[in-house]
Amino acid sequence: MNRRRTAIGLAIIGCVAAALLTGIDMSPAAQVRLRTGALWLASNQTGELTLVSGGAATVAAKVQVAPAGTSIESGQLSDTGYALNRNDGSITRIDPATRRPLRSTISAPGATHLLAGDRTVYAVNPDRGTVTGFDPARLTPTTSGMPSAVGESLLDGRGHVWTLDRSNGSLIWFDTGTRHSRRSAGTPGRSALAMVDGKPVIADAGRQVIESVNPDSGDVESGMHWAATDSGEIAVTGSAGRVSISAGDRFTSCDLGAQRCADPIGLGGRLGPAVVVGTRAIVPDHQSGQVTIIDLSGMRVVGTKRLFDRPVRFELREHDGFVFYNDPDSAQAGVLDVNGSVTPITKYDSPTKGPDATVIAGEVAKSGQEPGTGTRPGPGPVAGPQTGLPGPGRPGDPAGLSIAVSPQAFGLVGDQLRFSLRGADVPADTAQWTFGDAGRATGAQVTHSWNNPGTFQVRAALGSLVAQTSVVIDRPGAKPEIATLDFSPARPVIGQRVRFTAGLRGGVAEHGIWTISGHGDPITMTTKDIGTLEYAFPASGQYTVTVTTTSAGQSASRSVDLPVRAGRVTAWTGLDTVPEQGLPPEVAGGVVAISSGSAHDLALKADGSVYAWGENGHGETSVPDAARRDVVAIAAGDLHNLALSSNGVVTAWGQGPEGQVPAQAQTQVKAIAAGSGFSVVLKADGTTMSWGRNNRVNSPNANGPETDFDHVIAIAAGVDFYLALKSDGTLVGKGRAPVENQPDSGIVSLSSGGFSTMGTGRDGSVHAWGRYSIPEGQNVRSAVATANNGKAYVAILADGSWACWGPQRCVAPAVRHPLAVSGRYTHLLVID
């Protein structure tokens, strides 16, 4: 077959994951360590460390490290967990393979802070100003009570301890056990230390400067002005090339390279140190129990999320690109992403366990905490609808298991709420329920009420499957409140139904009124389901949606702004910016996804219909009736196509057997891909199946799943290969699958076309295999979508710009903030 005809351009087929890791490592390695995305969190009431999986958003293990009621600080080095017992100063190490604890024989009395470095684990007493070092494997002491400084300590990129003395402003650091100091490095009580790219930086509100410190001499390397306005203490976070500063109730971020600080944003409350992931900062407010998500590129608030219903000094930590929150003094924890998606986690049901108990994954249910699955957090801004994503159910949930709450997921103390288990393929009358208190129930439908106010995690276990949701219970007479107002999809187009969800609390609302303004006269609607609204916008532009609820004469309102895009398809060659002419008018708006074959293209419209154009020698553009409604994903092969409906049913058309669907591939499918002479589906149980004329790729048993392809979360196809992305971030493939030297950071989304493959890492970095690798010096950081047509390779970056490379001079189109991209040999397509 002519290679020009078989070069496939595939629209993005990926899986969203709550994760941002740094670095591109294309070099081969003898041993590849896969980052697990799991973090050990402290549970003081039970005296345990709880291992929480960031990808699955579940409890993976629990290990007893101290008596119940002990104050614990957790730390982590790679996959090894450490716990500092603040009562007696001992350290416990948890083996990453066996999950068995090892306790130090020597303690560091008074230590309250733990620093885990590659060569040494340190216990810090910030009040007495001493540091004690331990061997990270054996926990034998390496240094004993070194005098440091009264203040919080940090590790630099070489594992050296740095402390800024809050009593006198001296900078103290240790180099291979030798103590160094520089007097008056910061204003006492008005300065804070951070690490930026592994090097120390001092933010001094008293002198209104930010100074970068030479890690060898401790001297100032460079400085910049910072117009500090708050007179209280500050909290500083370092990230790539910048520091983010929480000062009282105000937040700002300073770019060290540009020598510029943004104007501060007033957030209110009592702010703690931010967590920075890519271009997003997540700022905790310990007074309100919420976080604010800020886009650092434009210094604008993009969302707020209430994590706790009370003031609490909760932990906010990033590990392997996932962001975790935790209240060490309660069972509440969870995983969140930079788009604001939150998955709450209950670390334990009740603090009744005794000392020296170990619970590991697979045995968790024996102690009352069932393993489960949650919504998988995503990697930041996503470039629109992606054609390989599952339609129904939640990503990562093999059965689409979910909990329905009636009349709503909030109420007052004493109210009866009804819970129903949905999506189960087996009888649900044996489902076991817990409600975040002492209550339990069995059955497919159950009711429950609470005696106290709070946020409660409701979980239903059906065999190995677990579904969970959260409910908010308030005191009778509480004022109505709208804590959050979210919408999905995040970047809608004309005609696409947008679902708005209001996080209601307080008194039971009598009615809800929604107002949509932005074009023409405002539209007002009253919904039966007070907390939700579905609406399709008829025109592109900026809109404001406001919801108002009333209870007992008291009202509450909340608004959200959102842009609605045209959903217009534009084509260009990749070698110049001149748009290709002659695209059908049907793709001039309202398109949510695109996919390209050898000489034809597909578009998925906002109304769920598929439109095809191009050559039709084998029926490629003759769309069947089954693909003209309720479609959620599309995939164009060489001379055939696939469409996935919201009910998991696959439709195929075009040339050969690949244009037909075997019985076992017709239903319970959550992703599709197509190549040259073959088709692939990802089933709801995490297995894959391929069929067609391409003997390099198709399944040995066309009526059954592939062997050794399990726990798959995404698929992508090229000319004569297909790839499967597994839940641990590794790639496996069939045919000529170019996936050697996989990065140890793991992959979260795929794009394959022709004879090349691109995978997006957890921080949006792009890794390429096959005919053309990424040129040295090419900026592809924070990529959210990729495509190629054999001549031009493009990546959409998170800030809306493009990266473009290839064997010839590659040119990106004049389209900002595109929604999706695809390509075939003659051209590339983009949705804007």
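The values are calculated or read from the model by the stated rules, or taken from the named source; none is laboratory data. Just so it is clear, the model here is predicted, and its values are computed rather than measured. Every residue, glycine as well, gets a Cβ built from its backbone with ideal geometry; the counts of neighbours run over all protein chains shown.
Selection over segment 446-474 of residues that are modelled with pLDDT of 80 or more and outside any strand (DSSP E or B) gives a count of 5.
Examine segment 571-592 for a residue that is outside any strand (DSSP E or B), among the β-branched types (Val, Ile, Thr) and in contact (Cβ under 8 Å) with a residue 40 or more places away in the chain, and state whether such a residue exists.
Checked against the condition, which is being outside any strand (DSSP E or B), among the β-branched types (Val, Ile, Thr) and in contact (Cβ under 8 Å) with a residue 40 or more places away in the chain, segment 571-592 yields at least one hit.
Residues that are in a loop (DSSP other than H, G, I, E, B), within 24 Å of the chain's Cα centre (by Cα), of a type in the set (Asp, Glu) and modelled with pLDDT of 70 or more do not occur anywhere in segment 732-750.
So, in segment 497-506, of the ones that are modelled with pLDDT of 80 or more and hydrophobic (A, V, I, L, M, F, W, C), which residue ends up surrounded by the most Cβ atoms within 10 Å (Cβ to Cβ)? Looking at the filtered set, the residue picked out is ALA502. The single condition among (1) at pLDDT below 90; (2) surrounded by fewer than 20 Cβ atoms within 10 Å (Cβ to Cβ) that ALA571 does not satisfy is (2).
Okay, residues lined up against (1) modelled with pLDDT of 75 or more; (2) within 25 Å of ALA588 (Cβ to Cβ); (3) among the β-branched types (Val, Ile, Thr); (4) not in a strand (DSSP E or B):
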residue: GLY495; (1), (2), (3), (4): yes, yes, no, yes
residue: VAL508; (1), (2), (3), (4): no, no, yes, yes
residue: ILE516; (1), (2), (3), (4): yes, yes, yes, no
residue: THR526; (1), (2), (3), (4): yes, no, yes, no
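The set of residues in segment 670-687 that are buried (at least 24 other Cβ atoms within 10 Å of the Cβ) and of a type outside the set (D, E, K, R) comprises ALA671, ILE672, ALA673, ALA674, GLY675, SER676, GLY677, PHE678, SER679, VAL680, VAL681, LEU682. Out of all the residues in segment 441-460, which are crowded, with 20+ Cβ neighbours inside 10 Å and more than 20 Å from LEU412 (Cα to Cα)? Across segment 441-460, the qualifying residue is only ALA460.
Taking segment 185-261 and the strands (runs of 3 or more DSSP E) fully enclosed by it, the elements with 1 or more residues that are within 30 Å of the chain's Cα centre (by Cα) and under 21 Å from SER153 (Cβ atoms) are at 191-196, 199-204, 234-239, 242-247. Remark: pairs (first residue in segment 329-341, in a loop (DSSP other than H, G, I, E, B); second residue small (Gly, Ala, Ser) and modelled with pLDDT under 90; Cβ separation under 6 Å; 6+ apart in sequence or on different chains) = ASP337/ALA18; ASP337/GLY378; VAL338/GLY380; ASN339/GLY378; GLY340/GLY303. Residue pairs whose Cβ atoms lie under 8 Å apart, sitting 6 or more positions apart in sequence or on different chains, and linking a residue in segment 244-272 that is more than 26 Å from GLY198 (Cα to Cα) to a partner that is among the acidic types (Asp, Glu) and outside any loop (DSSP other than H, G, I, E, B), are LEU267/ASP285; GLY268/ASP285; GLY269/ASP285; ARG270/ASP285.
If the condition is being among the basic types (Lys, Arg) and assigned to a strand (DSSP E or B), then segment 266-307 contributes ARG280, ARG300, LYS305, ARG306.
Remark: pairs (first residue in segment 225-237, at pLDDT 75 or above; second residue part of a loop (DSSP other than H, G, I, E, B) and surrounded by 13 or more Cβ atoms within 10 Å (Cβ to Cβ); Cβ separation under 6 Å; 6+ apart in sequence or on different chains) = TRP226/GLN208; ALA228/ALA205; ALA228/GLN208; ILE234/ALA205; ALA235/GLY272; ALA235/PRO273; THR237/PRO273; THR237/ALA274.
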